[in-house]
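Scroll down for the structure; my scribbles are underneath it.
The values are calculated or read from the model by the stated rules, or taken from the named source; none is laboratory data. From a predicted model like this one, the values you see are computed outputs, not experimental measurements. Using ideal geometry, Cβ is built from the backbone for each residue, glycine included, and neighbour counts are taken over all protein chains shown. Ligands, DNA and RNA are excluded from the accessible area calculation, which covers all protein heavy atoms including side chains. Shrake-Rupley method; radii C 1.70, N 1.55, O 1.52, S 1.80 Å.
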4 protein chains.
Amino acid sequence: MTHVDPRMQPCIDNCLDCYSVCLSTAMNHCLQVGGKHTEPSHFRLMMGCTEICRTTAHFMLIGSPHHVHLCRECAEICDECAEDCERIGDMDECVEACRRCAESCRQMAA
Amino acid sequence: MTHVDPRMQPCIDNCLDCYSVCLSTAMNHCLQVGGKHTEPSHFRLMMGCTEICRTTAHFMLIGSPHHVHLCRECAEICDECAEDCERIGDMDECVEACRRCAESCRQMAA
Amino acid sequence: MTHVDPRMQPCIDNCLDCYSVCLSTAMNHCLQVGGKHTEPSHFRLMMGCTEICRTTAHFMLIGSPHHVHLCRECAEICDECAEDCERIGDMDECVEACRRCAESCRQMAA
Amino acid sequence: MTHVDPRMQPCIDNCLDCYSVCLSTAMNHCLQVGGKHTEPSHFRLMMGCTEICRTTAHFMLIGSPHHVHLCRECAEICDECAEDCERIGDMDECVEACRRCAESCRQMAA
(Lines give C-alpha, C1' and ligand atoms only; values in the text may rest on other atoms or scores of the structure.)
Protein backbone atom coordinates (compact mmCIF):
# COMPACT_ATOMS: atom_id res chain seq x y z
CA MET A 1 0.00 0.00 0.00
CA THR A 2 1.54 3.24 -1.07
CA HIS A 3 -0.56 5.48 1.21
CA VAL A 4 0.55 3.98 4.48
CA ASP A 5 3.74 4.70 6.41
CA PRO A 6 5.98 1.77 5.37
CA ARG A 7 6.99 1.08 8.99
CA MET A 8 3.32 0.44 9.72
CA GLN A 9 2.64 -2.06 6.96
CA PRO A 10 4.06 -5.16 8.70
CA CYS A 11 2.04 -4.36 11.82
CA ILE A 12 -1.18 -3.95 9.79
CA ASP A 13 -0.47 -7.30 8.11
CA ASN A 14 0.19 -9.00 11.46
CA CYS A 15 -3.04 -7.58 12.94
CA LEU A 16 -5.17 -8.74 10.02
CA ASP A 17 -3.46 -12.13 10.07
CA CYS A 18 -4.07 -12.54 13.81
CA TYR A 19 -7.70 -11.44 13.33
CA SER A 20 -8.15 -14.09 10.63
CA VAL A 21 -6.45 -16.94 12.48
CA CYS A 22 -8.16 -16.24 15.84
CA LEU A 23 -11.61 -15.86 14.32
CA SER A 24 -11.43 -18.96 12.14
CA THR A 25 -9.92 -21.02 14.97
CA ALA A 26 -12.62 -19.97 17.44
CA MET A 27 -15.53 -20.38 15.05
CA ASN A 28 -14.37 -23.65 13.54
CA HIS A 29 -11.90 -25.55 15.73
CA CYS A 30 -13.08 -24.38 19.21
CA LEU A 31 -16.82 -24.76 18.53
CA GLN A 32 -16.26 -28.20 17.01
CA VAL A 33 -14.06 -29.55 19.80
CA GLY A 34 -15.97 -27.96 22.71
CA GLY A 35 -14.98 -28.63 26.33
CA LYS A 36 -12.21 -26.29 27.44
CA HIS A 37 -12.31 -24.66 23.99
CA THR A 38 -15.74 -23.14 24.67
CA GLU A 39 -15.15 -22.12 28.29
CA PRO A 40 -16.67 -18.62 28.44
CA SER A 41 -13.47 -16.90 29.58
CA HIS A 42 -11.36 -18.51 26.84
CA PHE A 43 -13.83 -18.01 24.01
CA ARG A 44 -14.46 -14.40 25.05
CA LEU A 45 -10.73 -13.74 25.05
CA MET A 46 -10.44 -15.08 21.51
CA MET A 47 -13.35 -12.93 20.32
CA GLY A 48 -11.90 -9.88 22.06
CA CYS A 49 -8.54 -10.57 20.40
CA THR A 50 -10.26 -10.82 17.03
CA GLU A 51 -12.00 -7.47 17.50
CA ILE A 52 -9.00 -5.51 18.84
CA CYS A 53 -6.80 -6.76 15.97
CA ARG A 54 -9.39 -5.73 13.39
CA THR A 55 -9.76 -2.28 14.93
CA THR A 56 -6.05 -1.66 15.49
CA ALA A 57 -5.41 -2.35 11.79
CA HIS A 58 -8.28 0.06 10.98
CA PHE A 59 -6.70 2.88 13.03
CA MET A 60 -3.37 2.43 11.25
CA LEU A 61 -5.07 2.35 7.85
CA ILE A 62 -7.00 5.60 8.45
CA GLY A 63 -3.79 7.28 9.64
CA SER A 64 -5.10 8.18 13.11
CA PRO A 65 -2.45 9.21 15.66
CA HIS A 66 -4.47 7.22 18.23
CA HIS A 67 -3.20 4.00 16.65
CA VAL A 68 -0.42 4.08 19.25
CA HIS A 69 -2.87 3.48 22.11
CA LEU A 70 -4.72 0.83 20.18
CA CYS A 71 -1.43 -0.95 19.43
CA ARG A 72 -0.59 -0.98 23.15
CA GLU A 73 -3.97 -2.52 24.03
CA CYS A 74 -3.74 -4.96 21.13
CA ALA A 75 -0.32 -6.21 22.32
CA GLU A 76 -1.72 -6.81 25.79
CA ILE A 77 -4.78 -8.76 24.62
CA CYS A 78 -2.76 -10.79 22.08
CA ASP A 79 -0.26 -11.80 24.78
CA GLU A 80 -3.09 -12.95 27.02
CA CYS A 81 -4.74 -14.84 24.15
CA ALA A 82 -1.47 -16.57 23.19
CA GLU A 83 -0.98 -17.70 26.77
CA ASP A 84 -4.53 -19.02 27.10
CA CYS A 85 -4.40 -20.85 23.76
CA GLU A 86 -1.13 -22.44 24.86
CA ARG A 87 -2.66 -23.55 28.18
CA ILE A 88 -5.59 -25.24 26.40
CA GLY A 89 -3.37 -26.64 23.66
CA ASP A 90 -3.77 -27.72 20.05
CA MET A 91 -3.86 -24.13 18.76
CA ASP A 92 -0.25 -23.53 17.73
CA GLU A 93 -1.12 -21.43 14.70
CA CYS A 94 -3.15 -19.10 16.88
CA VAL A 95 -0.43 -18.84 19.52
CA GLU A 96 2.12 -17.88 16.85
CA ALA A 97 -0.15 -15.32 15.16
CA CYS A 98 -0.90 -13.68 18.54
CA ARG A 99 2.80 -13.55 19.52
CA ARG A 100 3.81 -12.08 16.16
CA CYS A 101 1.04 -9.48 16.36
CA ALA A 102 1.83 -8.54 19.98
CA GLU A 103 5.51 -8.11 19.12
CA SER A 104 4.86 -5.82 16.17
CA CYS A 105 2.21 -3.81 18.04
CA ARG A 106 4.68 -3.24 20.87
CA GLN A 107 7.17 -1.83 18.34
CA MET A 108 4.55 0.59 16.97
CA ALA A 109 3.57 1.68 20.49
CA ALA A 110 7.12 2.26 21.68
CA MET B 1 -30.69 -6.74 27.32
CA THR B 2 -30.86 -9.25 30.09
CA HIS B 3 -27.37 -10.67 29.56
CA VAL B 4 -25.46 -7.46 30.10
CA ASP B 5 -24.49 -5.86 33.41
CA PRO B 6 -27.24 -3.20 33.84
CA ARG B 7 -24.67 -0.53 34.73
CA MET B 8 -23.13 -1.07 31.29
CA GLN B 9 -26.27 -0.72 29.24
CA PRO B 10 -26.40 3.10 29.13
CA CYS B 11 -22.75 3.22 28.06
CA ILE B 12 -23.35 0.69 25.27
CA ASP B 13 -26.31 2.78 24.11
CA ASN B 14 -24.27 5.99 24.17
CA CYS B 15 -21.42 4.35 22.22
CA LEU B 16 -23.74 3.04 19.51
CA ASP B 17 -25.54 6.39 19.35
CA CYS B 18 -22.25 8.28 19.00
CA TYR B 19 -21.11 5.79 16.34
CA SER B 20 -24.34 6.39 14.39
CA VAL B 21 -24.36 10.18 14.66
CA CYS B 22 -20.65 10.61 13.85
CA LEU B 23 -20.72 8.24 10.89
CA SER B 24 -23.88 9.69 9.32
CA THR B 25 -22.67 13.27 9.92
CA ALA B 26 -19.27 12.59 8.34
CA MET B 27 -20.59 10.64 5.36
CA ASN B 28 -23.54 12.91 4.61
CA HIS B 29 -23.12 16.42 6.06
CA CYS B 30 -19.28 16.73 5.96
CA LEU B 31 -18.85 15.28 2.47
CA GLN B 32 -21.68 17.47 1.12
CA VAL B 33 -20.46 20.72 2.66
CA GLY B 34 -16.72 20.15 2.05
CA GLY B 35 -14.16 22.83 2.94
CA LYS B 36 -13.15 22.58 6.60
CA HIS B 37 -15.48 19.59 6.95
CA THR B 38 -13.24 17.41 4.77
CA GLU B 39 -9.89 18.60 6.14
CA PRO B 40 -7.95 15.33 6.55
CA SER B 41 -7.31 15.77 10.28
CA HIS B 42 -10.97 16.52 11.06
CA PHE B 43 -12.44 13.81 8.87
CA ARG B 44 -9.96 11.23 10.19
CA LEU B 45 -10.87 12.14 13.76
CA MET B 46 -14.56 11.59 13.00
CA MET B 47 -13.87 8.21 11.39
CA GLY B 48 -11.63 7.21 14.30
CA CYS B 49 -14.38 8.22 16.72
CA THR B 50 -16.87 6.12 14.77
CA GLU B 51 -14.62 3.06 14.93
CA ILE B 52 -13.64 3.32 18.60
CA CYS B 53 -17.31 3.74 19.64
CA ARG B 54 -18.36 0.69 17.63
CA THR B 55 -15.57 -1.41 19.13
CA THR B 56 -16.00 -0.22 22.71
CA ALA B 57 -19.69 -1.22 22.57
CA HIS B 58 -18.55 -4.60 21.15
CA PHE B 59 -16.19 -5.23 24.09
CA MET B 60 -18.95 -4.46 26.60
CA LEU B 61 -21.41 -6.71 24.74
CA ILE B 62 -19.03 -9.69 24.71
CA GLY B 63 -18.35 -9.21 28.42
CA SER B 64 -14.59 -8.74 28.07
CA PRO B 65 -12.83 -7.29 31.12
CA HIS B 66 -10.71 -5.26 28.66
CA HIS B 67 -13.72 -3.00 28.04
CA VAL B 68 -12.29 -0.74 30.76
CA HIS B 69 -9.26 0.18 28.62
CA LEU B 70 -11.39 0.63 25.52
CA CYS B 71 -13.75 2.92 27.47
CA ARG B 72 -10.78 5.05 28.54
CA GLU B 73 -9.55 5.41 24.95
CA CYS B 74 -13.09 6.01 23.68
CA ALA B 75 -13.61 8.87 26.15
CA GLU B 76 -10.38 10.49 24.99
CA ILE B 77 -11.20 10.29 21.28
CA CYS B 78 -14.81 11.43 21.81
CA ASP B 79 -13.64 14.48 23.76
CA GLU B 80 -11.26 15.39 20.96
CA CYS B 81 -13.95 14.85 18.33
CA ALA B 82 -16.48 17.00 20.24
CA GLU B 83 -13.94 19.82 20.46
CA ASP B 84 -13.06 19.66 16.77
CA CYS B 85 -16.71 19.51 15.66
CA GLU B 86 -17.39 22.56 17.84
CA ARG B 87 -14.45 24.45 16.30
CA ILE B 88 -15.73 23.80 12.76
CA GLY B 89 -19.34 24.42 13.74
CA ASP B 90 -22.76 23.33 12.51
CA MET B 91 -22.48 19.86 14.04
CA ASP B 92 -24.27 20.28 17.37
CA GLU B 93 -25.82 16.81 17.35
CA CYS B 94 -22.40 15.26 16.92
CA VAL B 95 -20.87 17.41 19.68
CA GLU B 96 -23.60 16.33 22.09
CA ALA B 97 -23.38 12.63 21.19
CA CYS B 98 -19.58 12.70 21.67
CA ARG B 99 -19.83 14.48 25.05
CA ARG B 100 -22.50 12.07 26.31
CA CYS B 101 -20.46 9.06 25.17
CA ALA B 102 -17.21 10.40 26.68
CA GLU B 103 -18.94 11.05 30.00
CA SER B 104 -20.43 7.57 30.26
CA CYS B 105 -17.18 5.88 29.11
CA ARG B 106 -15.28 7.74 31.81
CA GLN B 107 -17.72 6.35 34.40
CA MET B 108 -17.16 2.78 33.16
CA ALA B 109 -13.38 3.27 33.18
CA ALA B 110 -13.26 4.75 36.68
CA MET C 1 -30.12 11.79 13.40
CA THR C 2 -30.73 14.69 11.11
CA HIS C 3 -28.51 13.44 8.29
CA VAL C 4 -30.28 10.18 7.66
CA ASP C 5 -33.46 9.62 5.64
CA PRO C 6 -36.14 9.50 8.38
CA ARG C 7 -37.69 6.36 6.89
CA MET C 8 -34.36 4.63 7.48
CA GLN C 9 -33.93 5.55 11.11
CA PRO C 10 -36.18 2.83 12.61
CA CYS C 11 -34.41 0.17 10.52
CA ILE C 12 -30.96 1.39 11.64
CA ASP C 13 -32.18 1.26 15.25
CA ASN C 14 -33.59 -2.25 14.81
CA CYS C 15 -30.35 -3.48 13.21
CA LEU C 16 -28.19 -2.09 16.00
CA ASP C 17 -30.57 -3.47 18.62
CA CYS C 18 -30.54 -6.93 17.02
CA TYR C 19 -26.72 -6.76 16.79
CA SER C 20 -26.53 -5.94 20.52
CA VAL C 21 -29.02 -8.55 21.71
CA CYS C 22 -27.61 -11.38 19.54
CA LEU C 23 -24.01 -10.66 20.43
CA SER C 24 -24.59 -10.36 24.19
CA THR C 25 -26.86 -13.43 24.19
CA ALA C 26 -24.31 -15.55 22.31
CA MET C 27 -21.29 -14.41 24.30
CA ASN C 28 -22.92 -14.54 27.72
CA HIS C 29 -26.00 -16.78 27.81
CA CYS C 30 -25.02 -19.34 25.12
CA LEU C 31 -21.41 -19.79 26.26
CA GLN C 32 -22.52 -20.14 29.90
CA VAL C 33 -25.29 -22.66 29.25
CA GLY C 34 -23.44 -24.71 26.62
CA GLY C 35 -24.98 -27.88 25.12
CA LYS C 36 -27.29 -27.00 22.23
CA HIS C 37 -26.42 -23.34 22.72
CA THR C 38 -22.84 -23.89 21.50
CA GLU C 39 -23.65 -26.26 18.65
CA PRO C 40 -21.43 -24.96 15.82
CA SER C 41 -24.30 -24.35 13.38
CA HIS C 42 -26.36 -22.42 15.95
CA PHE C 43 -23.52 -20.34 17.32
CA ARG C 44 -22.26 -19.53 13.83
CA LEU C 45 -25.72 -18.38 12.82
CA MET C 46 -25.86 -16.04 15.81
CA MET C 47 -22.43 -14.58 15.01
CA GLY C 48 -23.38 -14.19 11.35
CA CYS C 49 -26.58 -12.42 12.41
CA THR C 50 -24.55 -10.11 14.61
CA GLU C 51 -22.20 -9.19 11.78
CA ILE C 52 -24.84 -8.67 9.06
CA CYS C 53 -26.90 -6.41 11.36
CA ARG C 54 -23.86 -4.30 12.21
CA THR C 55 -22.93 -3.93 8.55
CA THR C 56 -26.44 -3.28 7.28
CA ALA C 57 -26.77 -0.39 9.74
CA HIS C 58 -23.37 0.86 8.52
CA PHE C 59 -24.53 0.92 4.88
CA MET C 60 -27.65 2.91 5.80
CA LEU C 61 -25.60 5.35 7.89
CA ILE C 62 -23.11 6.04 5.09
CA GLY C 63 -25.98 6.59 2.66
CA SER C 64 -24.94 3.88 0.22
CA PRO C 65 -27.60 2.83 -2.33
CA HIS C 66 -26.39 -0.75 -1.80
CA HIS C 67 -28.11 -0.79 1.59
CA VAL C 68 -31.11 -2.32 -0.22
CA HIS C 69 -29.21 -5.55 -0.95
CA LEU C 70 -27.76 -5.68 2.54
CA CYS C 71 -31.26 -5.23 4.02
CA ARG C 72 -32.50 -8.16 1.94
CA GLU C 73 -29.69 -10.41 3.16
CA CYS C 74 -30.09 -9.17 6.73
CA ALA C 75 -33.81 -10.04 6.74
CA GLU C 76 -33.01 -13.55 5.55
CA ILE C 77 -30.34 -14.22 8.17
CA CYS C 78 -32.43 -12.68 10.98
CA ASP C 79 -35.41 -14.90 10.08
CA GLU C 80 -33.17 -17.96 10.19
CA CYS C 81 -31.64 -16.88 13.50
CA ALA C 82 -35.07 -16.23 15.06
CA GLU C 83 -36.23 -19.69 14.05
CA ASP C 84 -33.11 -21.40 15.40
CA CYS C 85 -33.23 -19.50 18.70
CA GLU C 86 -36.88 -20.51 19.07
CA ARG C 87 -36.03 -24.17 18.40
CA ILE C 88 -33.35 -24.16 21.11
CA GLY C 89 -35.46 -22.12 23.48
CA ASP C 90 -34.86 -19.73 26.35
CA MET C 91 -33.84 -16.86 24.06
CA ASP C 92 -37.08 -14.89 23.68
CA GLU C 93 -35.43 -11.50 23.64
CA CYS C 94 -33.21 -12.59 20.76
CA VAL C 95 -36.13 -14.07 18.82
CA GLU C 96 -38.05 -10.81 19.13
CA ALA C 97 -35.10 -8.61 18.17
CA CYS C 98 -34.44 -10.76 15.08
CA ARG C 99 -38.09 -10.71 14.00
CA ARG C 100 -38.34 -6.94 14.43
CA CYS C 101 -35.12 -6.40 12.49
CA ALA C 102 -36.13 -8.79 9.68
CA GLU C 103 -39.49 -7.05 9.32
CA SER C 104 -38.01 -3.57 9.07
CA CYS C 105 -35.23 -4.70 6.70
CA ARG C 106 -37.85 -6.23 4.41
CA GLN C 107 -39.62 -2.88 4.29
CA MET C 108 -36.39 -1.08 3.32
CA ALA C 109 -35.64 -3.70 0.65
CA ALA C 110 -39.11 -3.62 -0.91
CA MET D 1 -5.07 -21.10 8.17
CA THR D 2 -5.82 -24.70 8.80
CA HIS D 3 -9.45 -24.20 9.85
CA VAL D 4 -10.68 -22.63 6.65
CA ASP D 5 -11.67 -24.40 3.44
CA PRO D 6 -8.49 -24.00 1.32
CA ARG D 7 -10.49 -22.86 -1.71
CA MET D 8 -11.69 -19.92 0.38
CA GLN D 9 -8.32 -18.70 1.57
CA PRO D 10 -7.35 -16.71 -1.56
CA CYS D 11 -10.75 -14.98 -1.53
CA ILE D 12 -10.38 -14.04 2.16
CA ASP D 13 -6.91 -12.66 1.40
CA ASN D 14 -8.20 -10.65 -1.56
CA CYS D 15 -11.08 -9.23 0.50
CA LEU D 16 -8.78 -8.12 3.34
CA ASP D 17 -6.30 -6.70 0.85
CA CYS D 18 -9.03 -4.73 -0.96
CA TYR D 19 -10.36 -3.51 2.42
CA SER D 20 -6.86 -2.27 3.35
CA VAL D 21 -6.05 -0.60 0.05
CA CYS D 22 -9.46 1.10 -0.33
CA LEU D 23 -9.54 2.37 3.23
CA SER D 24 -5.98 3.72 3.24
CA THR D 25 -6.44 5.28 -0.21
CA ALA D 26 -9.68 7.01 0.79
CA MET D 27 -8.47 8.23 4.16
CA ASN D 28 -5.03 9.35 3.02
CA HIS D 29 -4.86 10.00 -0.74
CA CYS D 30 -8.48 11.08 -1.40
CA LEU D 31 -8.80 13.36 1.64
CA GLN D 32 -5.42 14.98 0.86
CA VAL D 33 -6.08 15.59 -2.84
CA GLY D 34 -9.75 16.62 -2.47
CA GLY D 35 -11.77 17.79 -5.50
CA LYS D 36 -13.25 14.81 -7.36
CA HIS D 37 -11.67 12.50 -4.77
CA THR D 38 -14.06 13.72 -2.04
CA GLU D 39 -17.21 13.88 -4.17
CA PRO D 40 -19.85 12.34 -1.89
CA SER D 41 -20.85 9.60 -4.33
CA HIS D 42 -17.23 8.51 -4.94
CA PHE D 43 -16.12 8.65 -1.33
CA ARG D 44 -19.23 6.80 -0.17
CA LEU D 45 -18.59 4.08 -2.73
CA MET D 46 -15.06 3.63 -1.42
CA MET D 47 -16.27 3.41 2.17
CA GLY D 48 -19.00 0.97 1.18
CA CYS D 49 -16.39 -1.14 -0.64
CA THR D 50 -14.22 -1.11 2.47
CA GLU D 51 -17.07 -2.30 4.68
CA ILE D 52 -18.41 -5.03 2.37
CA CYS D 53 -14.89 -6.48 1.90
CA ARG D 54 -14.30 -6.57 5.65
CA THR D 55 -17.64 -8.28 6.27
CA THR D 56 -17.38 -10.75 3.40
CA ALA D 57 -14.02 -11.94 4.76
CA HIS D 58 -15.67 -12.23 8.20
CA PHE D 59 -18.45 -14.49 6.86
CA MET D 60 -15.91 -16.78 5.22
CA LEU D 61 -13.80 -16.90 8.39
CA ILE D 62 -16.74 -17.86 10.62
CA GLY D 63 -17.76 -20.58 8.14
CA SER D 64 -21.24 -19.24 7.48
CA PRO D 65 -23.02 -20.65 4.43
CA HIS D 66 -24.33 -17.13 3.78
CA HIS D 67 -20.84 -16.14 2.60
CA VAL D 68 -22.06 -16.95 -0.91
CA HIS D 69 -24.53 -14.03 -0.90
CA LEU D 70 -22.01 -11.69 0.63
CA CYS D 71 -19.45 -12.67 -2.03
CA ARG D 72 -21.98 -11.84 -4.75
CA GLU D 73 -22.67 -8.40 -3.27
CA CYS D 74 -18.97 -7.80 -2.67
CA ALA D 75 -18.14 -8.53 -6.32
CA GLU D 76 -20.78 -6.03 -7.45
CA ILE D 77 -19.59 -3.21 -5.18
CA CYS D 78 -15.89 -3.87 -5.98
CA ASP D 79 -16.60 -3.70 -9.73
CA GLU D 80 -18.39 -0.38 -9.26
CA CYS D 81 -15.58 0.96 -7.08
CA ALA D 82 -12.89 -0.11 -9.60
CA GLU D 83 -14.76 1.68 -12.37
CA ASP D 84 -15.20 4.88 -10.37
CA CYS D 85 -11.56 4.93 -9.22
CA GLU D 86 -10.50 4.50 -12.86
CA ARG D 87 -12.75 7.39 -13.97
CA ILE D 88 -11.23 9.73 -11.36
CA GLY D 89 -7.70 8.45 -11.98
CA ASP D 90 -4.49 8.17 -10.00
CA MET D 91 -5.72 5.21 -7.96
CA ASP D 92 -4.28 2.25 -9.86
CA GLU D 93 -3.51 0.18 -6.78
CA CYS D 94 -7.12 0.50 -5.67
CA VAL D 95 -8.47 -0.39 -9.11
CA GLU D 96 -6.35 -3.54 -9.17
CA ALA D 97 -7.26 -4.61 -5.62
CA CYS D 98 -10.98 -4.16 -6.40
CA ARG D 99 -10.75 -6.12 -9.67
CA ARG D 100 -8.85 -8.97 -8.00
CA CYS D 101 -11.34 -9.11 -5.14
CA ALA D 102 -14.39 -8.98 -7.45
CA GLU D 103 -12.99 -11.81 -9.56
CA SER D 104 -12.32 -14.10 -6.60
CA CYS D 105 -15.69 -13.30 -4.98
CA ARG D 106 -17.44 -14.20 -8.21
CA GLN D 107 -15.71 -17.59 -8.14
CA MET D 108 -16.88 -18.23 -4.56
CA ALA D 109 -20.44 -17.18 -5.43
CA ALA D 110 -20.67 -19.35 -8.54
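Does any residue of the range C:32-54 turn out to be β-branched (Val, Ile, Thr), under 26 Å from B:Asp17 (Cβ atoms) and surrounded by fewer than 24 Cβ atoms within 10 Å (Cβ to Cβ)? No, because not a single residue in the range C:32-54 is β-branched (Val, Ile, Thr), under 26 Å from B:Asp17 (Cβ atoms) and surrounded by fewer than 24 Cβ atoms within 10 Å (Cβ to Cβ). Does the range B:2-15 include one or more residues that are buried (at least 24 other Cβ atoms within 10 Å of the Cβ), touching a Cys at 6+ places or on another chain (Cβ under 7 Å), within 30 Å of A:Phe43 (Cα to Cα) and more than 14 Å from chain C (Cβ to nearest Cβ)? So far as the range B:2-15 goes, no, none of its residues is buried (at least 24 other Cβ atoms within 10 Å of the Cβ), touching a Cys at 6+ places or on another chain (Cβ under 7 Å), within 30 Å of A:Phe43 (Cα to Cα) and more than 14 Å from chain C (Cβ to nearest Cβ). Within the range A:62-110, the set of residues being assigned to a loop (DSSP other than H, G, I, E, B) and either touching a residue at least 40 places away in the same chain (Cβ under 8 Å) or β-branched (Val, Ile, Thr) (or both) comprises A:Ile62, A:Gly63, A:Asp90, A:Met91. Only one entry in C:Glu93, C:Glu80 is open to solvent by 10 Å² or more (accessible area, probe 1.4 Å) and more than 14 Å from chain D (Cβ to nearest Cβ), namely C:Glu93.
Just to verify a result, which residue in the range D:36-61, among those that are over 20 Å from C:Arg54 (Cα atoms) and among the hydroxyl-bearing types (Ser, Thr, Tyr), is farthest from the other protein chains (Cβ to nearest Cβ)? Across the range D:36-61, the extreme among qualifying residues is D:Ser41. Note on the range A:12-61: residues that are of a type in the set (Asp, Glu), farther than 23 Å from B:Ala57 by Cβ and in a helix (DSSP H, G or I) amount to 2. Inside the range A:16-29, residues that are free of Cβ contacts under 8 Å to residues at least 24 places away in the same chain and either open to solvent by 30 Å² or more (accessible area, probe 1.4 Å) or more than 9 Å from chain D (Cβ to nearest Cβ) (or both) make up a count of 0. For the range C:39-67, residues that are over 17 Å from C:Val95 (Cα atoms) and either aromatic (Phe, Trp, Tyr) or more than 14 Å from the chain's Cα centre (by Cα) (or both) total 11.
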